[in-house]
1. Taking Cα pairs under 8 Å and at least six residues apart, what relative contact order does the chain come out at, in percent?
2. Select from 209, 20, 81 the residue whose mean-square fluctuation is largest in a Gaussian network model of the chain (Cα-Cα springs shorter than 10 Å).
3. Translational diffusion coefficient, Stokes-Einstein: compute it for the chain using the Kirkwood radius over C-alpha pairs as Rh, at 37 °C and 0.692 mPa s, and state it as an integer in µm² s⁻¹.
4. List the residues whose amide H sits under 5 Å from the amide H of residue 53, counting only those 5 or more places along or on another chain, with H placed 1.01 Å from N in the peptide plane.
5. Using the Karplus equation 6.51 cos²θ - 1.76 cosθ + 1.60 (θ = phi - 60°), what ³J(HN,Hα) coupling, rounded to whole Hz, does each residue of segment 91-108 give in order, writing x for Gly and Pro?
6. Springs between alpha-carbon atoms under 10 Å, Gaussian network over the chain: tell me which of 164, 150, 35 tops the mean-square fluctuations.
7. Per-residue HN-Hα couplings for segment 118-133, Karplus 6.51 cos²θ - 1.76 cosθ + 1.60 at θ = phi - 60°, whole Hz, x for Gly and Pro?
8. Pull up all non-local amide H partners of residue 154: gap of 5 or more, or a different chain, and H-to-H distance under 5 Å with H placed in the peptide plane.
Amino acid sequence: MEKKISGDPRQETSYRSIGATTLLAPLPVVMVTSGRQGEDNSNIMTAAWSGIVNTHPPMLSVSIKPSRFSHDLILEQGEFAVNLTDRRLVRAADYCGVRSGRDVNKWKEMGLRERAIPELSCPGIDSSPVTLGCRVHQHLFLGSHTLVIGEIVCVQVREDLFDGDGSLHLERAGLVCYSHGVYQDLNRVLGFFGYSVAREEVLKKRMLAYRPGRAEAGKRKSATQDGQGRKRNHR
Ligand SMILES: Cc1cc2nc3c(=O)[nH]c(=O)nc-3n(C[C@H](O)[C@H](O)[C@H](O)COP(=O)(O)O)c2cc1C
């Protein structure tokens, strides 16, 4: 059962200081693939320290400890892929985050299949909702982790996430996030980009389309736009 957060957010709230730490949440759970497709070094590692860092050209970052098997693979090969994790993949994501490719073949252990990324020689994970293929743009050692910045050179999206009209519904993917040691799913759409200022009729129509089971009822404008024809994502 969902626990309701009570209280008025405008009222003064008490806090506990816990020192300087990395408590940013929620974080994406991504499965980073590297090595060469079909070869022995092909590997998967889980990462939560990942994010988008630039729009033009599109770039993302992943922070990777030098001790990871994936670390040198990625830097030597100059490429990797970021695969988003959904509910069906979450157990495999956990496993790929606690076992090293030095010791086990995680593809075999988790029954995962490689999927070719035509632009790159590393594989993507078949069944992952979205795979972003990247070429290493820069890397910077920060003290414990290497910040790897990848230019996104291609993106593959699972076919079932598109409506008949071609609009992408990532909210139906069952994506999973990571928050202070636990995996959680993203159950409910609470709003959309710009909803706080959307016109009443736009707000109603869009929110109705996001209701569970209303996928088809909401044959709406391209999911890349808000109700007023503007790009939906912050850029
Ligand atoms: C949820 C989760 C998130 C993780 N995030 C990161 C991360 O952002 N960076 C990192 O270096 N390791 C991270 N790890 C640890 C690596 O995934 C783990 O050490 C893995 O075994 C490395 O695999 P490899 O040696 O085959 O490359 C994470 C593990 C889990 C379970």
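Laboratory data are not the source of any read-out in this text; all were calculated from the coordinates shown. All of these numbers come straight from a predicted model, not from anything done at the bench. No Cβ is skipped: glycine too gets one built from the backbone with ideal geometry, and neighbour counts run over all protein chains shown.
1. Working: 406 pairs, mean separation 43.2, N = 235.
Relative contact order for the chain comes out at 18 percent.
2. Between 209, 20, 81, it is 20 that shows the largest mean-square fluctuation.
3. Result for D is 167 µm²/s.
4. 59, 60, 61
5. Here the 3J(HN,Hα) series is 5, 5, 4, 4, 4, 5, x, 10, 10, 9, x, 5, 9, 9, 8, 5, 4, 5 Hz.
6. Per the Cα network of the chain with a 10 Å cutoff, 164 tops the list.
7. Computed from phi, the couplings for segment 118-133 are x, 6, 10, 9, 7, x, x, 9, 5, 5, 5, x, 9, 10, 10, x Hz.
8. Under 5 Å from the amide H of residue 154 lie the amide H atoms of 133, each far enough along the sequence or on another chain.
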